[in-house]
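To start, the structure under review is shown below, and the notes come after it.
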Amino acid sequence: MVKFIILLILAYLLGSIPNGIWIGKIFFHIDIRRHGSKNIGATNTYRVLGWFAGTIVMVLDIAKGAIATWLPMQFGIHSWYPLIFGLAAILGHTYSIFDHFRGGKAVATSAGMLWAYNFVFFCIAAGTWVTCIFVTSMVSLASMLGFTIIVIASFFEHDPALTILAICLTIFTFYRHRNNIIKIIHGNENLVPFGLYYWYLKYIKKTIHPKQQHK
């Protein structure tokens, strides 16, 4: 029991590490909480600090969830129990003790948990995420769809623990993205600077708007 509690605390503290904040302050002297969407995750880091910093934050946030889930396995904790530690890391990222119990949306950290627990499911979620971003140019929509796909996949895999956790995380993700959902409905969601939808809008702007200006 003592080992379980210690590992649980470590998982939460690991998840609490605010990579976006620390990297922004240490290397760029910028607090990303004051810029862009004010979120501390990889997407806003990418938007504010550039692709390199955003990629580093994404990798580190994934690693938080993966290590928190993997570490208990090395101490003989198996079956579905590692999911509890992954969830602790997710809660740490979302309610970080290093950020006044605020944090990010925990998409990357959840992906890391999935990586350590079931790599095949991680590949399914990652493939869905990448494909959706390429088509829609929206990270928020890709994140919500990725969680939804995992719920469906875990149901067919007959993994009740993962299904229950995936449903809870999906609901939580939709809640954390509630403002993004409103923006998507009204057509003013932030887009990444690539993907079919982004290129389509860019094409429309170049071809239609100049014609309207000449009228």
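Can you give the extra length, in nm with one decimal, that the chain gains between K38 and I171 once fully stretched, where that is 0.36 nm per residue apart less the Cα-Cα distance?
On the way: separation 133, 0.36 × 133 = 47.88 nm, distance 2.19 nm.
That pair, K38 and I171, stretches by 45.7 nm at full extension.
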More than 18 angstrom separation, counting every C-alpha pair in region 103-215; what % is that?
55
To the nearest 10 degrees, how steep is helix 82-94 against the longest Cα principal axis of the chain, on a 0 to 90 scale?
50
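Net charge within 14 Å of L114 by Cβ-Cβ distance, Lys/Arg positive one each and Asp/Glu negative one each, not counting L114 itself? The partial results should precede the final answer.
Values: positive: K64; negative: D61, E157, D159.
It works out to a net charge of -2.
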Find the Rg to Rh ratio for region 2-214, where Rh is the Kirkwood radius over alpha-carbon pairs and Rg uses the same atoms.
1.02
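At a 10 angstrom cut-off on C-beta neighbours, averaged per residue, how do the peptides 187-193, 83-89, 131-137 rank from highest to lowest? All intermediate terms of the calculation are to be shown ahead of the outcome.
Values: 187-193: 13.9, 83-89: 25.4, 131-137: 18.3.
Peptide ranking by packing, descending: 83-89, 131-137, 187-193.
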Net charge over other residues, Cβ less than 13 angstrom from the Cβ of L49 (K, R count +1; D, E count -1):
+3
Whole-Hz Karplus ³J(HN,Hα) for region 175-184, in order, using 6.51 cos²θ - 1.76 cosθ + 1.60 and θ = phi - 60°, x for Gly and Pro?
5, 5, 9, 4, 5, 5, 4, 4, 5, 4
Proximal charge balance of I182 [Cβ under 14 Å; K/R count +1, D/E count -1]:
+2
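Of the peptides 109-115, 74-80, 93-99, 155-161, how do they stack up when ordered by the mean number of other Cβ atoms within 10 Å, highest first? Intermediate results must be reported in sequence, preceding the final value.
Details: 109-115: 28.7, 74-80: 10.1, 93-99: 19.1, 155-161: 12.6.
The packing order, highest mean first, is 109-115, 93-99, 155-161, 74-80.
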Nearest 10 degrees, 0 to 90: what angle lies between the long axis of helix 119-136 and the longest principal axis of the chain (Cα atoms)?
10
When the Karplus curve 6.51 cos²θ - 1.76 cosθ + 1.60 is applied with θ = phi - 60°, which whole-Hz ³J(HN,Hα) does each residue of region 138-152 get, with x for Gly and Pro?
10, 5, 4, 5, 5, 5, 5, 5, x, 5, 4, 5, 5, 4, 5
What are the ³J(HN,Hα) couplings of region 75-80, residue after residue, when phi is run through the Karplus curve with 6.51, -1.76, 1.60 and θ = phi - 60°? Round to Hz, x for glycine and proline.
10, x, 9, 10, 6, 8
Any residue on another chain or 5+ positions along whose placed amide H is under 5 Å from the amide H of S96 is listed here as F101, R102, G103
List the residues of region 47-61 whose backbone N lies under 17 Å from a point placed 7 Å from the Cα of I97 along the Cα-to-Cβ direction.
none
C-alpha center-to-center spacing [region 61-83, region 148-162] in angstrom
19
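Coordinate-derived values only; no laboratory data. A quick note: this is a predicted structure, and the numbers were derived from the prediction, not measured. Neighbour counts run over all protein chains shown; Cβ positions are idealised from the backbone, glycine included.
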